[in-house]
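The values are calculated or read from the model by the stated rules, or taken from the named source; none is laboratory data. These numbers come from a predicted model, not from an experiment. All Cβ positions, even for glycine, are placed from backbone atoms using ideal geometry, and neighbour counts span all protein chains on display.
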Amino acid sequence: MPPRLISIAATAAHHGPTVLHDDADYRTVARHAPDLDEYGILDHARAGAPRSGLRR
């Protein structure tokens, strides 16, 4: 995992915002850092949720 991602994860865990991501790195960190709140956008897309507000 690149150091910049570790810094983002540590900052988010300390200050509380949710990390919105599209890779497995944050999910891996979240398994070992219970203070990190992460949300995978690909998980949301695979669940068939509507993509409100996004039009092409």
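Among the residues that make up region 37-50, is at least one of them at pLDDT 85 or above, charged (D, E, K, R) and loosely packed, with under 10 Cβ neighbours inside 10 Å? Taking every residue of region 37-50 in turn, none turns out to be at pLDDT 85 or above, charged (D, E, K, R) and loosely packed, with under 10 Cβ neighbours inside 10 Å. Within region 19-32, being of a type outside the set (Asp, Glu) and surrounded by 15 or more Cβ atoms within 10 Å (Cβ to Cβ) holds for Val19, His21, Tyr26, Arg27, Val29, Ala30. Scanning region 1-47 for residues that are within 11 Å of the chain's Cα centre (by Cα) and of a type in the set (A, V, I, L, M, F, W, C) gives Leu5, Ile8, Ala9, Ala12, Val19, Leu20, Ala24, Val29, Ala30, Leu36, Ile41, Leu42.
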